[in-house]
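Written below as structure tokens is the structure these notes are about.
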Amino acid sequence: MAESLYIASLEPNSGKLIITLGIMEMLSRRVDRLGFFRSIVPGPPEEDNHIRLIASRFNLSLQPKQMFGVTHDQARAWITGGEERRLFREIVVCFKEAEEQCDFLLCEGPDITHLSDAFEYDVSIRIARELGTPALYVSSGYQATAGELLENVRVAEKNFRQLQCPLLAVMVNRVDPQILETAENELRAKCDSGIGIDLLPEVESLSSPTMEEIVEALQASWFSGPKTGLQRDVRAFKVAAMGPDNFLEHIEKDDLIITPGDRPDIILTTLGAIASKNYPSPVGLLLSGDLTPAPSVVRLLEGLGDLALPIFRVATDTYTTAMNVAAVKGRLYPENERKIARALGMFEAHADIPALEEKIRVTPSSTMSPLMFEYSLFQQARLERKHIVLPEGADDRILQAAEILRLRDVVELTILGRENTIRFRAATLGLKLEGIKFIDPQTSPLREQFAKTFFELRSHKGITMDTAYDTMSDVSYFGTMMVHLDMADGMVSGAAHTTAHTIRPAFQFIRTPPDVLLVSSVFLMCLETRVLVYGDCAVNPNPNSEELADIAISSARTAKLFGIEPVVAMLSYSSGTSGVGADVDRVRKAVEIARQRRPDLKLDGPIQYDAAIDATVASKKMPDSEVAGKATVFIFPDLNTGNNTYKAVQRSSGAVAIGPVLQGLNKPVNDLSRGCQVADIINTVAITAVQAQYKQG
């Protein structure tokens, strides 16, 4: 029978979706078939934002029509018509049908403030009781004192006891950060000791709408500037009714400026503020009154090229427009990765996840999806936060990834480049880079020190001091030297540089430990239900037997580092003793060498890929092998085979390929593809941090 948990909220403005998101993220690394269910939805389930967000992020197999009980309209009609039992019966039937499709089903109770007076305060608890599932109560701490928080929790506890619904934990969300610690101590001291209580702080940016949400809510039409990528938070709005000189004194960072469309002076002044380093950067401009600037101003705007400021128009007058903007509330939706990352970072920083997992008592999963792997990776990286240097500060993807990494609190970061230029570009993109360090290799006092160290290490190769000084202006060399001198724990580069440019400095002075012959690489192949390790697919073109053995040993070590039990298959075009020829003999000898060096490893070969991964094929081709049919680490005989295979698997199966992950260096340096996505950068940085823990462990 499937396990389940019910999230209940009895108060308005609780921010329940953040808790739902955090718990789903926690469960995703331990549950094979995870499901989500809403007992009562406002309207059609395919349009419900909670269902859209959770279903898309966690790739749920349930369809929207399977993820809800009844609509608000149905619930109102049955309650007011005296058919309360019919309401509960319908929710239970739909819940049980969804539960049969899942190993764990997370159910979100209704927000009764959006229903009607016909619904009693405790209806959400009674739904949980009817479903027979334990509950987690989310209380709103919004604008509440410590005493009010305590009273809300006590009332909720009393209601759960009276209705005989098991309450596992309480999360008080949106608490004033200034009273967080005091209130948490008081609640834990005065509430039921058997119930876990966590307090989560109010995060202003989570309740702030984005420019995109305001444009959508007001049905604004595009006028100028960017049409997409409008995920920047709007912290406040300003109605510009005064002259430009006075208006400039009132602009604050992340403002949305509202002005009539016939005020070219305000439009041009706002654009000037965006371009100036002396004024805060507004989010956008909203032109009211269904007015447009004169044709001459329009031509001027068209000639400015890539405007960083989105400008939209609305038909309503300025006062009505301001009221409409004020009514728009921020929400979490699937496309806003930044806000999702911020919400998860806050949840994971303040919720006692191990205690919650213990209370829920979910059986550990025997499989590993890409999302489960990512979650485990982040959790592992947070255990001992490392300092990673990102040399490519001029690349927008690096800045976007850096923001998410800081929001998720995964690592400490240093970005190389001119700080003013990077911060200006980040502001243009609507990014927040608080807590990140910046170093400009061209002007840093460290350049002289690094040049001396490089000269000492490479003078035997004919390097002069002048050459060393010039070399240290290169971001790859500068970043690698930071790692070499323990000013950073690892480096990730390659979004804007070739592989050779990225890893050459590491070969020159980070080098390998005495027991490692060469630097090699693996890809972590995240399939639908498991993660496999492929090596070497990126570095060594034609390794000999001894080098193949070294790659196998390094790859097994990397697999274990990331929680994958290494079962190593040395691949070839034949299995066991069936084949002959130089290529097969090279693999066969590599197996002998690897077994001599690491007799504890489960390792076999030569073996074909199908026999290594498929138990049915293995039983026919290599029935006595402890590796055949069970392999988790696949060592390819050459780069041509490995590179083509990983790409074929990635493209044909939809697998997520993380890498290349470099292995064998004394300290971790990892290379990105120049076509990498932001998610690739995030995962590679987390991997590098975990490698750094191992190197220093």
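The values are calculated or read from the model by the stated rules, or taken from the named source; none is laboratory data. Note that the structure is a prediction, hence the values are computed from the model and not measured. Cβ placement follows ideal geometry from the backbone for every residue including glycine, while neighbour counts extend to all protein chains displayed. Just so you know, the surface numbers come from the protein's heavy atoms only, side chains and all, with ligands and any DNA or RNA stripped out. Shrake-Rupley method; radii C 1.70, N 1.55, O 1.52, S 1.80 Å.
Remarks
- When the residues of segment 559-577 are filtered to those that are in a loop (DSSP other than H, G, I, E, B) and under 13 Å from S625 (Cβ atoms), the one that is modelled with the highest pLDDT is S575.
- Failed condition for V656, given (1) open to solvent by 50 Å² or more (accessible area, probe 1.4 Å); (2) out of contact with any Cys (no Cβ under 8 Å at 6 or more places or on another chain): (2)
- Residue in segment 1-30 that is modelled with the highest pLDDT, counting only those that are under 20 Å from the mean Cα position of the chain (by Cα) and over 18 Å from I51 (Cβ atoms): M26
- Screening E434, E448 for residues that are closer than 18 Å to H387 by Cβ and modelled with pLDDT under 95 leaves exactly one candidate, E434.
- Some residue of segment 290-308 being at positive phi, touching a strand residue (DSSP E or B) at 6+ places or on another chain (Cβ under 8 Å) and assigned to a loop (DSSP other than H, G, I, E, B): yes
- Checklist (1) surrounded by fewer than 21 Cβ atoms within 10 Å (Cβ to Cβ); (2) touching a Ser or Thr at 6+ places or on another chain (Cβ under 9 Å) applied to A500, failing item: (2)
- A648 vs. criteria in contact (Cβ under 8 Å) with a residue 24 or more places away in the chain and of a type in the set (G, A, S): no
- Just one of the listed residues (R33, R57, R52) is open to solvent by 20 Å² or more (accessible area, probe 1.4 Å) and within 21 Å of A135 (Cα to Cα), and it is R33.
- Scanning segment 275-290 for residues that are farther than 11 Å from F312 by Cα and either surrounded by fewer than 21 Cβ atoms within 10 Å (Cβ to Cβ) or without any contact (Cβ under 8 Å) to a residue 24 or more places away in the chain (or both) yields A275, S276, K277, N278, Y279, P280, G289.
- Checked against (1) under 27 Å from the mean Cα position of the chain (by Cα); (2) surrounded by fewer than 16 Cβ atoms within 10 Å (Cβ to Cβ); (3) among the polar types (S, T, N, Q); (4) in a helix (DSSP H, G or I), S205 meets all criteria but (2).
- Residue within segment 611-634 that is buried (at least 18 other Cβ atoms within 10 Å of the Cβ), touching a helix residue (DSSP H, G or I) at 6+ places or on another chain (Cβ under 7 Å) and aromatic (F, W, Y) present: yes
- E448 vs. criteria among the acidic types (D, E) and open to solvent by 20 Å² or more (accessible area, probe 1.4 Å): yes
- Among the residues making up segment 623-652, a single one is touching a Phe, Trp or Tyr at 6+ places or on another chain (Cβ under 8 Å) and part of a loop (DSSP other than H, G, I, E, B): F636.
- For segment 351-370, the candidate set comprises residues that are at pLDDT 85 or above and crowded, with 19+ Cβ neighbours inside 10 Å; within that set, the residue that is farthest from the chain's Cα centre (by Cα) is L356.
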